[in-house]
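Each remark here refers to the structure printed beneath this line.
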Ligand code: GLU
């Protein structure tokens, strides 16, 4: 690649379903790389395979990138730039690809093939019988129906008669194809391993391979950063750059490692998410599943209560590591630190617990007042409490939880009187003596002058001393009486916040209701 070209990268998903978190990671690394180098990040939709088109998938991809805060500065859904349109079906209609298919044929690097589906199936069956796998390649093409095996007249006759055909890439018989991958180093493949892939169809539709190369070239892409599953296609792409005379502007390749299951055993799939109970998609939704032909529901990180900052921080570290031990990165820090050289070759194990940890860290970093407004958004019923009260609830609870919703779920007693009491604590601690103590504390609190945590704790301990009770043996029971729960935030701060009236009412209720 010639130096001093402006860095331009692209995320090029096919709209075949919801965007998997592995796809989000690919988009993220492209984004970080572009921002780090002051370049452009493009969203291109690769929809040449109309059989696999899923309505709504493109919108899903766009919304997911927006939620993650990794927005392209050019491309479908993000404003037209100099290379519009950015959707391959529209580029096909604009006549972008046909000329290059023709150029490849004219230069002898591609050819017409007329074999029908039935004929190719027959070949496959024939090879299978011999215990071999059929491949359309430098050896077999001689005996098949294509412009290399048929006479020129015959080819012309077929095309003039409107027969359907495909254009196939003509792989050299025995040639070394090599390219330097920024993550994997030198990759060398002999062309005898490659088959003659279909590049173009007579209806004018290019296949992925041709469209991908033509678009990367015409969009002036400098670096191709994509998943490992595309590594086997890269030698063909390198050859196409050569055939088209574009070698000097060929992008640099980087093939990202796979995302693995938590046990390291195989690729992380959408089924693992269902099975192990964590999201594998950024947003919750429902889209057609191509395999089953039925709509399928799926769960997202957004709806599961994750902050987008936590989600992308976690994703950034799935396959990449910084120069030190730092784990928490703002987006700006990620941009500064990111480099493809520190992306690992081997698969990255997904860790659901660690993902929760990231969310917890981001939750703790948020201001109490921001958490309060997020809480009201999620649980409108808490909106009846004033803002100062909600902010204080969040301050007390934020160290205890991983998600905003847990502030409410684990701290419901900040909003409602308890109706059930922790069974274990009651069984162990509720007796005539402790009951007397609770009654005494109730009276002491009822006549408390200053209602603040320090004073309340003093009063509590004073009452224990006066009644000859070990405070340690009744502390948790007292907590259960006022909140129902055996654990929670700092006890007397919680009591102070709940307020005198509530505490007295709850202690009375506990004395009446706990058996
Ligand atoms: N359309 C391909 C995909 O869906 C893109 C591969 C590439 O980035 O070259 O992943």
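Filtered by the rule that a residue be touching a helix residue (DSSP H, G or I) at 6+ places or on another chain (Cβ under 8 Å) and surrounded by fewer than 19 Cβ atoms within 10 Å (Cβ to Cβ), the range 348-361 gives 352, 354, 361. From the list 4, 30, the lone residue that is surrounded by fewer than 23 Cβ atoms within 10 Å (Cβ to Cβ) and either within 13 Å of the ligand (Cβ to nearest atom) or over 15 Å from the mean Cα position of the chain (by Cα) (or both) is 4.
Scan the range 34-53 and give yes if some residue there is closer than 25 Å to residue 267 by Cα, under 17 Å from the mean Cα position of the chain (by Cα), in contact (Cβ under 8 Å) with a residue 60 or more places away in the chain and within 16 Å of the ligand (Cβ to nearest atom), otherwise no. No. For the range 69-77, the condition of being more than 16 Å from the ligand (Cβ to nearest atom), at pLDDT 95 or above, over 16 Å from the mean Cα position of the chain (by Cα) and surrounded by fewer than 17 Cβ atoms within 10 Å (Cβ to Cβ) holds for at least one residue. The set of residues in the range 144-191 being in a helix (DSSP H, G or I) and touching a helix residue (DSSP H, G or I) at 6+ places or on another chain (Cβ under 9 Å) consists of 191 alone. Here is a list: 496, 454. Which entry is free of Cβ contacts under 8 Å to residues at least 60 places away in the same chain and in contact with a helix residue (DSSP H, G or I) (Cβ under 6 Å, 6 or more places away or on another chain)? Within the list 496, 454, the selection yields 496.
Within 12 Å of the ligand (Cβ to nearest atom) and either in a strand (DSSP E or B) or within 13 Å of the chain's Cα centre (by Cα) (or both), is that true of residue 19? Yes, satisfied. Confirm whether residue 245 is surrounded by fewer than 17 Cβ atoms within 10 Å (Cβ to Cβ), within 11 Å of the ligand (Cβ to nearest atom) and at pLDDT 95 or above. No: the conditions fail for residue 245. Of all the criteria given as (1) closer than 30 Å to residue 336 by Cα; (2) assigned to a helix (DSSP H, G or I), the one not satisfied by residue 77 is (2).
The condition of being surrounded by fewer than 18 Cβ atoms within 10 Å (Cβ to Cβ), over 29 Å from the mean Cα position of the chain (by Cα) and farther than 30 Å from residue 464 by Cβ does not hold for residue 423. Restricting attention to the range 211-234, which residues are within 15 Å of residue 179 (Cβ to Cβ), away from the ligand (no atom under 11 Å from the Cβ) and more than 24 Å from the chain's Cα centre (by Cα)? The answer is 222, and nothing else.
The values are calculated or read from the model by the stated rules, or taken from the named source; none is laboratory data. All of these numbers come straight from a predicted model, not from anything done at the bench. All Cβ positions, glycine included, derive from the backbone under ideal geometry; neighbour counts span all protein chains shown.
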